[in-house]
Amino acid sequence: MVSSNSSIRNQPTSLDYGLGMLFIILAAGFSFINLAGPSIWVDEGYTWLFSQVSWDTLLESARIDGVNPPLYYVGIKLITSFIQSDETGLRLLSSLANLAGVAGALILGYRVGGRSGMVVSGWFWAFHPMTLWYARDARPYALAAAFAIFLLLAFLHRENQPRSARWVAVTLLLMSMGLVTHYFFFLLVAGLTTYRVYQLREKPDLFREWALMLLGALIPLGIWIYWYMQQAQPSLGIGWIPTPLLQDLWRTPWNLISGYGGVFSIPSLLFGFTGILLIFFAIRKPNFKSLEMFAAVFGLLIPIGAVWVISQRRPVYVDRYFIVLLPFLILLLSRGAERMQQSLKIRLHGRQAAIVPALLMFSLLGIGVWSAAQIQTDTKFASEDWRGLVAQYDAFANPGDKVWLMEPEVQLPLSYYGLDNLELIDSENPPACETGCWWILRQPYTMTHAFTQSVADPKRPWLPEIASACQQTRRWDSPSGIGLWQVTCEP
């Protein structure tokens, strides 16, 4: 029987509220500081495009794009109706959603592991590179993760409390909104549903009410998918995703725990090892009916394994899509923190009982802040610098210069930064420019475990060859994975 022990927890004290506010403030700092600094990248360009269309064409535009369900774009359109659709305006919804996610993590952590569980949960969500990256990204991931943690809270609440009309309404609303925010939200719902099936003999009433709510929550998503599939050529835009390898089955959990983002770094290593240590304390005495095994098996192993198997035929396996599973990690970390505290309490006496927990707390904060700071400083988390590329083009290009785009979709960030009405060369391959032209280059899509385009991958040769009769007269390359070349060829 899964139990969050919420019924036997003491009410939070003023210290608990103070610690919770500390993590929310720190998360807000890392989310909002220099929020407009990074240039928008290609995917954010789509978000900007949807913010510019009229309300009556918004759903049709999202339908044509097809990559995500429409709720996030409705939220962006609503926000940018009141504030400017600059980088800050476009990313504001994600930043606010991330703060809600921190609050949800704190509540869940306290219900599962008391004060120690709350501290670890707030630490994890506030400082995790993945949650912070998507808190600063105008895409639906932070919003989907926030819906996920509150849905899990509602799910666990029902384990120990009688059903109420308010609980049904809140659960149904959270499930419905999550499903029309990101398609992978279905993984969270499927994990919870699988567990209800596992409980069927013991608690048939819980299974029946969950099944009915699930059917109701699937109605908006079903309507959307049906309408989407009525197009002549529906496309989800996922043809770039590679087939996952066997080693991805351990790299993905490591990425979800550490947020290493595809490239090794010391702070992510320390962050990940801290998480693994806490998970070890959570599962070292396994009980299949316990809360921690529910999280590990039904929340993480089964969903990730199922997507991996499906992706052997139709690849959809990308780590950032699994962000909706982070609440299950919160369960494991919270339970592990509580058990670690109990173990220390038995072993420590006298001054040690006060000094060691304080040192652990400061170490935890240090590792978290160091890990979170990577988002602002590390190249692997840099956003594509289209603002810088446009500045270079404006400085050196002449009116009427021809331009070849390595990918047509880069017109979105170029347009955002004012580079419109280009005289484009229609060619899939690098052209030979007799009178000279500009090439705008972008690396191919990044590896499965990266958060952003800038991560270097030696298996991604992306620099096109210049014809022997041509020469490069000017070159600007950004470490974020884009480039601007001026090429001149002999007549």
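Derivation of every value follows stated rules applied to the coordinates shown; laboratory data play no part. All figures in this text were calculated on a predicted structure; none of them were measured in a lab. Please note: Cβ atoms are built from the backbone with ideal geometry, for glycine as well, and neighbour counts cover all protein chains shown.
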Margin query: Given the DSSP H assignment, sum -39500 (n - 2.57) over each helix run of at least 4 residues in the chain and divide by its residue total; what's the result at 222 nm in deg cm²/dmol, nearest 500?
Written below: -19000 deg cm²/dmol
Next item on the list: Calculate how steeply helix 185-198 sits against the longest principal axis of the alpha-carbon atoms of the chain, using the helix alpha-carbon long axis, and give the answer as 0 to 90 degrees to the nearest 10.
Entry: 30
Check: Any idea what the alpha-carbon Rg over 2.2 N^0.38 Å comes to for the range 402-450?
Finding: 1.30
Notebook entry, point to check: Most exposed first by the Cβ proxy, i.e. fewest other Cβ within 10 Å, how do 349, 449, 157, 182 rank?
Noted result: 349, 157, 449, 182
Notebook entry, point to check: For the pair residue 202 and residue 264, how long in nm is the line joining their label points, each one 7 Å along Cα→Cβ?
Noted result: 4.3
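Name the shape class, rounded, prolate or oblate, that the alpha-carbon gyration tensor gives for the range 1-159, where a ≥ b ≥ c are the square roots of its eigenvalues, rounded holds for a/c under 1.5, and otherwise prolate holds if a/b is larger than b/c and oblate otherwise.
prolate
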Check: Which distance in nm do the two modelled labels at residue 82 and residue 219 give, with both placed 7 Å along the Cα-to-Cβ direction?
Finding: 2.9
Item checked: Prolate/oblate/rounded call for the range 355-491, Cα gyration tensor, a/c under 1.5 rounded -> prolate
Checklist line | Environment charge of residue 197, counting only residues whose C-beta is closer than 13 Å and scoring Lys/Arg +1, Asp/Glu -1 | finding: +3
Check: GluC sites (Glu not before Pro) within the range 344-429: which are DSSP loop residues with at most 14 other Cβ atoms inside 10 Å?
Finding: 428
Next item on the list: Step through the residues of the range 466-478 one at a time and calculate ³J(HN,Hα) from phi using the Karplus curve (6.51 cos²θ - 1.76 cosθ + 1.60, θ = phi - 60°), rounding each to whole Hz and writing x for Gly and Pro.
Entry: 8, 4, 4, 7, 10, 9, 8, 9, 7, 8, 10, 10, 9
Check: Looking at the chain, what % of its DSSP beta bridges pair antiparallel, to the nearest 5?
Finding: 70
Note to self: Between residue 22 and residue 394, what is 0.36 nm times their sequence separation minus the Cα-Cα distance? Round to one decimal in nm.
What the structure shows: 129.5 nm
Item checked: Value in Å of the Kirkwood radius, where the chain supplies the Cα pairs that are averaged -> 24.1
Next item on the list: About the Cα centre of the chain, how large is the charge dipole given +1 on each Lys and Arg Cβ and -1 on each Asp and Glu Cβ? Please answer in debye to the nearest 20.
Entry: 2900
Next item on the list: Note the angle between two axes, namely the Cα long axis of helix 248-258 and the longest principal axis of the Cα atoms of the chain, as a number of degrees from 0 to 90, rounded to the nearest 10.
Entry: 70
Next item on the list: Compute the Rg/Rh shape ratio of the range 292-392: radius of gyration over Kirkwood radius, all on alpha-carbon atoms.
Entry: 1.15
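What do you get for trypsin sites (Lys or Arg not before Pro) in the range 391-468 restricted to DSSP loop and a cutoff of at most 15 other Cβ within 10 Å of the site's Cβ?
459
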Notebook entry, point to check: So which chymotrypsin sites (Phe, Trp or Tyr not before Pro) in the range 34-87 are both in a DSSP loop and have at most 13 other Cβ atoms within 10 Å of their Cβ?
Noted result: 82
Item checked: Nonlocal amide H pairs with residue 439, under 5 Å, H built at 1.01 Å -> 404, 485, 486, 487
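Over 17 Å apart: what share of the alpha carbon pairs of the range 28-71 falls there, rounded to a whole percent?
Here the long-distance tail beyond 17 Å is 44 percent of all Cα pairs in the range 28-71.
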Next item on the list: Please report 289, 380, 203 as a ranked list, fewest other C-beta atoms within 10 angstrom at the top and most at the bottom.
Entry: 289, 203, 380
Check: Relative to the Cα centre, what is the charge dipole magnitude of the range 255-341, using +1 at the beta carbon of each Lys and Arg, -1 at the beta carbon of each Asp and Glu, and rounding to the nearest 20 debye?
Finding: 220
Check: Rounded to the nearest 0.05, what FRET efficiency is calculated for residue 421 and residue 64 with R0 set to 25 Å and r the Cβ-Cβ distance?
Finding: 0.60
Checklist line | 0 to 90° range, to nearest 10: angle between helix 87-127 axis and the chain longest Cα axis | finding: 20
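Can you give the direction-averaged projected area of the convex hull of the alpha-carbon atoms in the range 233-375, in nm²? Walk me through the intermediate numbers first.
On the way: hull surface 43.0 nm².
In nm², the orientation-averaged hull projection of the range 233-375 is 10.7.
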Next item on the list: Using a Förster distance of 41 angstrom, determine the FRET efficiency expected from the C-beta separation of residue 287 and residue 236, and round it to 0.05.
Entry: 0.55
